[in-house]
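Following: one structure in structure tokens, then a few remarks.
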Amino acid sequence: TPVEVVLEGPDAHVDGLLRIPAGGRLVIRPGTTVHMGAEASILARGRVEAFGTAKLPIIFTCGDEFRPWGSFALVGPGAGGSRFEHCDFEGGGGATLDRIECKGMVVVHRVEVMRFDTCFFEYNVRGDDAINAVHSEVGSE
């Protein structure tokens, strides 16, 4: 059976590594603040649906203000069709996940089509980029 993980708020917490396998789905509800623990990461090889709204954005932030979280990585064809709307990413810093060097807070690696609409990427604590896309087709508005 496919894996479905739902994060809903007002507060959700991710510690360690949250894996979404190919064929799985991660759903993040509007108005959810996702508190990422120190060095915590999300590795999505399946589809991500994060549909915040102007009044109820989705926020990814540090659970520990003195230690950054890792990366939100979308990897491979199974993550195709992922979509983020009204999401704010802050306080991440990159990670190495499954031998993939994630050079940013948000990483898109070998994903054919996905979108970030009305999203903000700020306060990248370390690493080269706030968002890094490699061999991928990423759209935004």
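The values are calculated or read from the model by the stated rules, or taken from the named source; none is laboratory data. All values reported here derive from a predicted model rather than from experimental measurement. Heads up, the Cβs are rebuilt from the backbone with ideal geometry, glycines too, and the neighbour counts pull from every protein chain shown. Heads up: the accessible areas ignore ligands, DNA and RNA and are worked out on the full protein's heavy atoms, side chains in. Shrake-Rupley method; radii C 1.70, N 1.55, O 1.52, S 1.80 Å.
Scanning for something at pLDDT below 95 and under 14 Å from the mean Cα position of the chain (by Cα), does segment 44-62 turn up at least one residue? Looking through segment 44-62, at least one residue is at pLDDT below 95 and under 14 Å from the mean Cα position of the chain (by Cα). For segment 71-110, filtering for residues that are at pLDDT below 95, touching a strand residue (DSSP E or B) at 6+ places or on another chain (Cβ under 8 Å) and either in a loop (DSSP other than H, G, I, E, B) or surrounded by fewer than 16 Cβ atoms within 10 Å (Cβ to Cβ) (or both) leaves 7.
With respect to (1) open to solvent by 70 Å² or more (accessible area, probe 1.4 Å); (2) under 20 Å from residue 132 (Cα atoms); (3) in contact (Cβ under 8 Å) with a residue 60 or more places away in the chain, the lone exception for residue 54 is condition (2).
Under the condition of being outside any loop (DSSP other than H, G, I, E, B) and not aromatic (Phe, Trp, Tyr), which residue from segment 37-51 is most open to solvent (accessible area, probe 1.4 Å)? That would be 47. Taken over segment 13-36, the criterion of being under 24 Å from residue 66 (Cα atoms) and either aromatic (Phe, Trp, Tyr) or open to solvent by less than 10 Å² (accessible area, probe 1.4 Å) (or both) is satisfied by 14, 32, 34, 36.
Among the residues in segment 112-119, are any in contact (Cβ under 8 Å) with a residue 60 or more places away in the chain, out of contact with any helix residue (DSSP H, G or I) (no Cβ under 8 Å at 6 or more places or on another chain) and in a loop (DSSP other than H, G, I, E, B)? Yes: one or more hits. Applying the condition of being in contact with an Asp or Glu (Cβ under 8 Å, 6 or more places away or on another chain) and not in a strand (DSSP E or B) to segment 52-69 and asking which residue is nearest to residue 29 (Cα to Cα) yields 52. Is at least one residue of segment 133-141 touching a helix residue (DSSP H, G or I) at 6+ places or on another chain (Cβ under 9 Å), in a strand (DSSP E or B) and crowded, with 16+ Cβ neighbours inside 10 Å? No. Residue 66 fulfils the conditions (1) among the hydrophobic types (A, V, I, L, M, F, W, C); (2) open to solvent by 60 Å² or more (accessible area, probe 1.4 Å); (3) closer than 19 Å to residue 7 by Cα except for a single criterion, (3).
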